[in-house]
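A quick write-up on the structure given underneath.
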Amino acid sequence: MDNTFLAQFYGKSQNYTDIPNHLYKDYNVKKGLRNEDGTGVLVGLTRVADVVGYTYNEDGTKVDTEGTLFFRGIDINEIVKNRHDLRYIYEEACFLLLFGYLPKQKELENFCELLQENYELPDDFLEMNLLRMPGKNLMNKLQHAILTLYNYDEDPDNTDVYETLLKGIQIMAKLPSISCYAYQSKMHYYEHKSLIIHYPRKDYSTAENILYMLRSDSNFSKQEANLLDIMLLLHADHGGGNNSTFTNVVISSTDTDIYSAVSGSIGSLKGPRHGGANIKVALMMDAIISEIGYTRDDAKIKDIVLKLLNKQFYNKSGLVYGFGHAVYTLSDPRAEILRHYCGIVAHEKGREEEFEFYLRFERIVKETLMETKGLTACANVDFYSGFAYDMLGIPRDMFTPLFVISRMVGWLAHNLENKLYDGRIMRPATKYVGELNEYVPMEDR
């Protein structure tokens with residue numbers, strides 16, 4: 001069917017649907033829920049996590065500071081620095097986010113055992129929903145799989161807080177298997193690769209099981225598992241204002257089921273402005289390295305950065321992906337931690353030259369942005385996460401699903417908190433700025 005008439009309708013519609021930009025300021029409407037200084041509009045209260053990248057002077061002006069991420073008031077740097085177990089740092093962070101306090105050894109063991117007992121998928125779920133129905137996009141497939149889990153729940157619409165906790169933990173436990181199997185199924189069906197299915201091991205951590213299920217030989221080193229464990233921790237939560245968490249709370253505020261809320265969050269996280277940003281960084285770095293190699297020449301690196309900023313290289317967007325953040329200003333604590341652990345694994349894998357190039361590139365981007373635009377922009381977690389995943393042999397299709405696996409606990413923690421202490425349906429308002437018109441009968445139009 002020829003749909004050219006639709007383009008004509010759309011073109012004509014601009015005469016009736018335009019909203020002049022000045023009206024946002026006239027009515028004090030915050031585009032993107034952002035204040036004039038770039039800070040987020042407050043939409044709730046939380047004790048789950050806090051993202052700090054600036055403070056305010058007595059006169060109310062914003063002051064940039066070193067970035068800090070708190071889980072239940074505890075600096076994530078302290079969690080990483082004082083970890084007592086190299087295998088279950090992510091699980092320890094999950095316990096902290098969900099229950100508000102650091103677990104004792106036995107409490108952590110019980111929590112890990114609960115997750116491990118729920119690793120396995122329901123009977124026939126793998127065959128019916130993943131192997132027989134592979135998805136072209138893994139994030140869309142994850143949405144479908146989570147919604148399908150609803151059908152395996154005997155009481156799926158029970159939104160009681162404790163029941164939501166139980167259902168959420170079961171989803172957390174199953175997401176690694178669902179993600180890895182969705183990837184294996186896609187590669188087998190669309191790329192004609194060998195289909196290899198490893199069932200999760202109950203004696204393995206979340207990070208260990210991901211590497212075990214993704215790799216054909218199932219082998220991995222302690223340093224590799226430790227790096228992935230750290231990465232899961234770093235992505236576990238980022239406050240209630242990030243888009244996918246806010247989406248989860250908005251959806252769940254209608255008193256719908258946890259499966260619908262999680263599916264909505266996955267849809268939000270799929271976007272390249274949110275969870276898909278690390279893939280943009282990886283693609284940009286591919287183009288840069290292809291152009292100039294792992295050069296040690298600062299001038300060559302600065303030249304390519306200037307070309308990026310001047311829309312003369314790569315996708316000509318004028319952006320340097322992996323730099324800048326909505327909250328963090330001087331530094332992103334997640335990037336600081338990840339940089340350190342990337343260095344350890346790069347040494348183990350003989351990829352020091354590439355790692356050193358990332359370090360030089362980060363330094364020169366910061367210098368160039370300050371010199372040309374007067375901007376202080378830090379490297380964010382996405383700048384190093386793609387490189388880290390690549391060192392772990394994790395395919396790019398899995399980058400954002402890994403974000404889902406990690407962030408599920410944050411979605412759940414904020415979902416529960418909102419149920420407990422807010423409980424009202426999210427219902428913001430918009431201002432109508434159109435004209436009032438009389439209805440025109442068909443024969444008079």
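The values are calculated or read from the model by the stated rules, or taken from the named source; none is laboratory data. Here the structure is a predicted model, which means the values were calculated and not measured. Heads up, the Cβs are rebuilt from the backbone with ideal geometry, glycines too, and the neighbour counts pull from every protein chain shown. Surface areas here come from the heavy atoms of the whole protein model, side chains and all, with no ligands, DNA or RNA. Shrake-Rupley method; radii C 1.70, N 1.55, O 1.52, S 1.80 Å.
Taking only protein heavy atoms into account and a 1.4 Å probe, give the accessible area per residue of segment 277-392 in Å².
On the way: 4840 Å² over 116 residues.
Heavy-atom SASA per residue in segment 277-392 reads 42 Å².
Show which lysines lie in cross-link reach of Lys62 when reach means a straight Cα distance below 29 angstrom and same-chain residues fewer than eight apart are skipped.
Straight-line reach from Lys62, under 29 Å: Lys25, Lys30, Lys31, Lys366, Lys373, Lys431.
How large is the translational diffusion coefficient of segment 218-375 in µm² per second when you combine the Kirkwood radius over alpha carbon pairs with Stokes-Einstein at 25 °C and 0.890 mPa s? Present the calculation step by step, with values, prior to reporting the outcome.
Details: Rh = 17.9 Å.
My calculation gives 137 µm²/s for D.
Given that compact globular proteins tend to follow 2.2 N^0.38 Å, what is the ratio of the alpha-carbon Rg of segment 86-198 to that value?
Numbers: Rg = 15.9 Å, N = 113, 2.2 N^0.38 = 13.3 Å.
Against the compact-globule rule of thumb, the ratio is 1.20.
When the chain is treated as a GNM, springs tying every alpha-carbon pair under 10 Å, which of Ser265, Ser205, Ser194 comes out with the largest mean-square fluctuation?
Ser194
Taking every alpha carbon pair in the chain, what does the distance histogram look like in 20 angstrom bins from 0, in percent?
The calculated distribution, bin by bin, is 22, 54, 22, 2.
Longest segment of the chain with no GluC sites (Glu not before Pro) in a DSSP loop having at most 14 other Cβ atoms within 10 Å?
On the way: sites that count: Glu36, Glu58, Glu154, Glu435, Glu438.
Longest run free of exposed loop sites: 155-434.
Rank Tyr212, Tyr389 by accessible area, highest first, at a 1.4 Å probe radius?
Tyr212, Tyr389
In Å, the Kirkwood hydrodynamic radius of segment 351-445 over pairs of distinct alpha carbons? Can you show the working numbers first?
Details: mean 1/r = 0.0516 Å⁻¹.
Hydrodynamic radius (Kirkwood, Cα pairs) of segment 351-445 is 19.4 Å.
Under a GNM of the chain (C-alpha, springs under 10 Å), which listed residue has the highest mean-square fluctuation: Val404, Val52, Val262?
Val52
Restricting attention to segment 168-204, which trypsin sites (Lys or Arg not before Pro) occupy a DSSP loop and are surrounded by at most 14 other Cβ atoms within 10 Å?
Values: sites: Lys174, Lys186, Lys193, Arg201, Lys202; in loops: Lys193, Arg201, Lys202.
Listed in order of number, the matching sites are Lys193, Arg201, Lys202.
Between Lys136, Lys349, Lys431, where does the largest GNM mean-square fluctuation fall for the chain, given springs only between Cα atoms within less than 10 Å?
Of Lys136, Lys349, Lys431, the Gaussian network model singles out Lys431 as fluctuating most.
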